[in-house]
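A.B. asks: Before we start, here is the structure in question, set down as structure tokens.
The values are calculated or read from the model by the stated rules, or taken from the named source; none is laboratory data. All values reported here derive from a predicted model rather than from experimental measurement. Methodologically, a virtual Cβ is constructed for each residue, glycine included, from the backbone with ideal geometry; neighbour enumeration extends over all protein chains shown. These accessible areas exclude ligands, DNA and RNA; they are computed on the full protein's heavy atoms, side chains included. Shrake-Rupley method; radii C 1.70, N 1.55, O 1.52, S 1.80 Å.
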Amino acid sequence: MAFLEVEDGKRVYYEHHAGAGRPVVLVHGWGVTSRCWDTTLPALRAAGHAVVTLDHRACGRSDKDFADTSIAAIASDVVAIVEHLGLRAPVLNGWSLGGAVVTEAASRLGSNISGLVLTGGATPRYTSAEGWPYGGTPADVEGVLAGLAADRASTFRAVAGAVCVKPVGADVVESMWLQFMESGPRADDTLRDLAGIDQREILPALPCPVLLLCGREDGFVSFDGVSASRTLFRDARLVEFGGVGHAPFAEDGETYRTELLSFVGGLPD
């Protein structure tokens with residue numbers, strides 16, 4: 001385990017699992033931690049890839065009292081860790097809100113990226129807007145945040161219970177709830193920021209191949225929106241997980257890992 005000091009003495013927690021193969025950076029969704037990748041990371045390592053995980057600002061083992069917990073700030077942490085470790089042409093994989101993070105990070109890394117994976121990625125928008133009829137509204141987001149302000153534990157338990165559509169067992173849901181409960185109040189600002197993010201101009205400029213992995217029954221990120229985003233990238237492939245909700249890596253892990261490993265392994269050197 002390691003920490004990277006990134007702002008005013010505040011630290012971001014990360015792990016670097018060395019490997020001879022292509023490096024893959026795994027970026028978790030809003031409010032949880034890098035532990036959500038506990039079945040994905042071993043598969044990547046077994047295939048020989050180097051793997052990096054991190055906890056967002058105000059989440060998990062990272063400091064909770066950052067002044068800036070925006071999508072842009074977390075993306076800057078991803079870039080800083082890539083540069084600190086000297087990673088060459090990594091693949092970035094972001095789940096949910098992490099999809100917006102890795103999209104921004106990919107735009108900053110430019111040519112030093114070989115591929116982008118969006119796992120139920122909340123990009124180019126999480127909420128609907130003119131020309132983008134997908135997703136909820138900022139008012140919906142504020143409703144969730146109001147619930148957290150009134151009863152953080154019960155609200156997060158309800159969110160954890162809604163992540164998966166396929167039965168995954170009580171232990172998996174409990175694990176997600178416990179990860180949510182490790183987040184600090186400043187993580188709420190990250191979700192509020194997501195409600196206004198618009199990355200439609202970023203997607204066409206990304207030069208790398210993109211893999212879109214999304215559950216058909218995702219209740220958090222609109223599958224129709226993910227499908228529509230495919231045409232905004234230069235080179236993107238969509239994999240639909242039938243009967244799956246917001247966490248394909250937990251609900252259909254075997255297929256998820258197969259698709260991810262095939263994508264990473266098939267990238268040119």
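A.B. asks: Which of the residues that make up segment 214-231 are in a helix (DSSP H, G or I) and over 20 Å from A195 (Cβ atoms)?
C.D. replies: Across segment 214-231, the qualifying residues are S227, R230, T231.
A.B. asks: Within segment 175-197, which residues are acidic (D, E) and either open to solvent by 70 Å² or more (accessible area, probe 1.4 Å) or in contact with an Asp or Glu (Cβ under 8 Å, 6 or more places away or on another chain) (or both)?
C.D. replies: Residue satisfying the conditions is E182 alone.
A.B. asks: Which condition number in (1) open to solvent by less than 30 Å² (accessible area, probe 1.4 Å); (2) touching a Pro at 6+ places or on another chain (Cβ under 8 Å) is the one that W37 fails?
C.D. replies: Just one mismatch for W37, condition (2).
A.B. asks: Considering only segment 7-31, how many residues are crowded, with 21+ Cβ neighbours inside 10 Å and within 19 Å of I71 (Cβ to Cβ)?
C.D. replies: Matching residues across segment 7-31 total 9.
A.B. asks: Restricting the search to segment 98-109, which residues are more than 16 Å from V24 (Cβ to Cβ) and free of Cβ contacts under 8 Å to residues at least 40 places away in the same chain?
C.D. replies: If the condition is that a residue be more than 16 Å from V24 (Cβ to Cβ) and free of Cβ contacts under 8 Å to residues at least 40 places away in the same chain, then R108 is the only one that fits.
A.B. asks: Looking at segment 229-237, can you tell me whether even one residue there is more than 20 Å from L92 (Cα to Cα) and open to solvent by less than 50 Å² (accessible area, probe 1.4 Å)? Let's see the steps before the verdict.
C.D. replies: Taking segment 229-237 as the starting set, the residues that turn out to be more than 20 Å from L92 (Cα to Cα) are none.
No; the residues of segment 229-237 include none that is more than 20 Å from L92 (Cα to Cα) and open to solvent by less than 50 Å² (accessible area, probe 1.4 Å).
A.B. asks: For segment 258-266, state whether one or more residues are of a type in the set (S, T, Y) and within 17 Å of the chain's Cα centre (by Cα).
C.D. replies: So far as segment 258-266 goes, no, none of its residues is of a type in the set (S, T, Y) and within 17 Å of the chain's Cα centre (by Cα).
A.B. asks: For the subset of segment 221-269 comprising residues that are aliphatic (A, V, I, L, M) and touching a Lys or Arg at 6+ places or on another chain (Cβ under 7 Å), which member is nearest to R22 (Cα to Cα)?
C.D. replies: Pass one, segment 221-269, residues aliphatic (A, V, I, L, M): 221, 226, 228, 232, 236, 238-239, 244, 247, 250, 260-261, 264, 267.
Add one more test, that the residue is touching a Lys or Arg at 6+ places or on another chain (Cβ under 7 Å), and what stays is 232, 236, 238, 244, 264, 267.
Numbers: L232: 26, A236: 20, L238: 22, V244: 28, V264: 8, L267: 9 Å.
By that ranking, first place goes to V264.
A.B. asks: Moving on. Return the total of residues in segment 70-112 being outside any helix (DSSP H, G or I) and crowded, with 24+ Cβ neighbours inside 10 Å.
C.D. replies: 7
A.B. asks: While we're here: T255 - would you say it is over 21 Å from L41 (Cα atoms) and open to solvent by 30 Å² or more (accessible area, probe 1.4 Å)?
C.D. replies: In short, no.
A.B. asks: Something else: Quick one: which residue in V51, V24 is within 24 Å of F220 (Cβ to Cβ) and either in a helix (DSSP H, G or I) or not acidic (D, E) (or both)?
C.D. replies: V24
A.B. asks: Please go through segment 55-75 and give me each residue that is under 14 Å from the mean Cα position of the chain (by Cα) and among the basic types (K, R), ordered by number.
C.D. replies: R57
A.B. asks: Further, regarding this structure: Which count do you get for residues in segment 42-69 that are over 19 Å from F3 (Cβ atoms) and open to solvent by 10 Å² or more (accessible area, probe 1.4 Å)?
C.D. replies: So the answer is 7.
A.B. asks: Go through segment 205-233 residue by residue and tally those that are aliphatic (A, V, I, L, M) and in contact with a helix residue (DSSP H, G or I) (Cβ under 6 Å, 6 or more places away or on another chain). Working first, answer last.
C.D. replies: Let us first name the residues in segment 205-233 that are aliphatic (A, V, I, L, M), namely 205-206, 210-213, 221, 226, 228, 232.
Next, only the ones that are in contact with a helix residue (DSSP H, G or I) (Cβ under 6 Å, 6 or more places away or on another chain) stay: 206, 211-213, 232.
Of the residues in segment 205-233, 5 are aliphatic (A, V, I, L, M) and in contact with a helix residue (DSSP H, G or I) (Cβ under 6 Å, 6 or more places away or on another chain).
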